[in-house]
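Since the structure comes first, as structure tokens, the remarks are kept for the end.
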Amino acid sequence: MNEDDDLGALCAGAGRNLAEAERPVLEEHGLSMWQYVVLSALSPGAAPSQLVLAQQIHYDKTRLIALLDELVTEGLVSREPDPADRRARTVRLTPAGSRRLAAVRAAIRAVEERKLAGLGAEERRVLRSALAHLANSD
């Protein structure tokens with residue numbers, strides 16, 4: 001690492017490193033990274049439509065259908081017609097999906113703990129805060 005490295009390069013490297021470390025965890029739990037992203041996005045509550053979910057996770061809406069089909073087959077999410085618009089489908093976690101997500105998150109937190117072992121509690125808090133700021137800024 002060099003002080004002159006730009007944030008994009010640092011974040012890209014960190015993202016690749018974390019994704020590689022998390023891949024075995026996801027495989028162990030029978031999920032792809034995108035399936036995990038969907039389950040995480042649905043954690044706070046149902047998505048009002050598949051289109052809204054695709055927009056929230058920045059995923060191609062035409063490819064989302066196949067991804068959701070896999071999750072429905074696994075019993076991890078459900079899709080139901082929106083009572084206000086029968087053409088739209090609300091998407092939500094099932095109880096099995098919530099349990100799988102909780103197990104994966106716990107395992108990923110263990111990976112993160114190993115990766116951040118050299119940082120103190122305050123450094124970790126600042127890192128998470130800075131990354132959240134970068135992820136949500138325009």
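Things to note:
- Residue identified as in contact with a strand residue (DSSP E or B) (Cβ under 6 Å, 6 or more places away or on another chain) and open to solvent by 60 Å² or more (accessible area, probe 1.4 Å) among Arg125, Arg89: Arg89
- Given (1) modelled with pLDDT under 95; (2) open to solvent by less than 70 Å² (accessible area, probe 1.4 Å); (3) not basic (Lys, Arg), number of the condition Ala107 does not satisfy: (1)
- Single match in Arg114, Arg100, Arg63, Arg86 (criterion: basic (Lys, Arg) and at pLDDT below 90): Arg86
- The residues in the stretch 9-29 that are open to solvent by 50 Å² or more (accessible area, probe 1.4 Å) and over 17 Å from Ala110 (Cα atoms) can be counted, and the count is 4.
- In the condition set (1) open to solvent by less than 50 Å² (accessible area, probe 1.4 Å); (2) touching a residue at least 24 places away in the same chain (Cβ under 8 Å), Gly120 is compliant with all but (2).
- The residue pairs whose first member lies in the stretch 86-97 and is charged (D, E, K, R), whose second member is open to solvent by 20 Å² or more (accessible area, probe 1.4 Å) and outside any strand (DSSP E or B), and whose beta carbons are closer than 6 Å, counting only pairs six or more residues apart or on different chains, are Arg89/Gln50; Arg92/Ala46.
- Test: residue in the stretch 43-51 that is surrounded by 13 or more Cβ atoms within 10 Å (Cβ to Cβ) and free of Cβ contacts under 8 Å to residues at least 12 places away in the same chain: no
- Residue match in the stretch 70-79 (condition: among the β-branched types (Val, Ile, Thr), touching a residue at least 24 places away in the same chain (Cβ under 8 Å) and closer than 19 Å to Leu26 by Cα): yes
- Verdict on Ser40 being under 27 Å from Leu7 (Cβ atoms), open to solvent by less than 100 Å² (accessible area, probe 1.4 Å), in contact with a helix residue (DSSP H, G or I) (Cβ under 8 Å, 6 or more places away or on another chain) and among the small types (Gly, Ala, Ser): yes
The values are calculated or read from the model by the stated rules, or taken from the named source; none is laboratory data. Given the structure is predicted, the values throughout are model-derived calculations rather than measurements. Reconstructed Cβ throughout: ideal geometry from the backbone, glycine too, with neighbour counts over all protein chains shown. Calculation scope for accessible area: heavy atoms of the full protein, side chains included, ligands and nucleic acids excluded. Shrake-Rupley method; radii C 1.70, N 1.55, O 1.52, S 1.80 Å.
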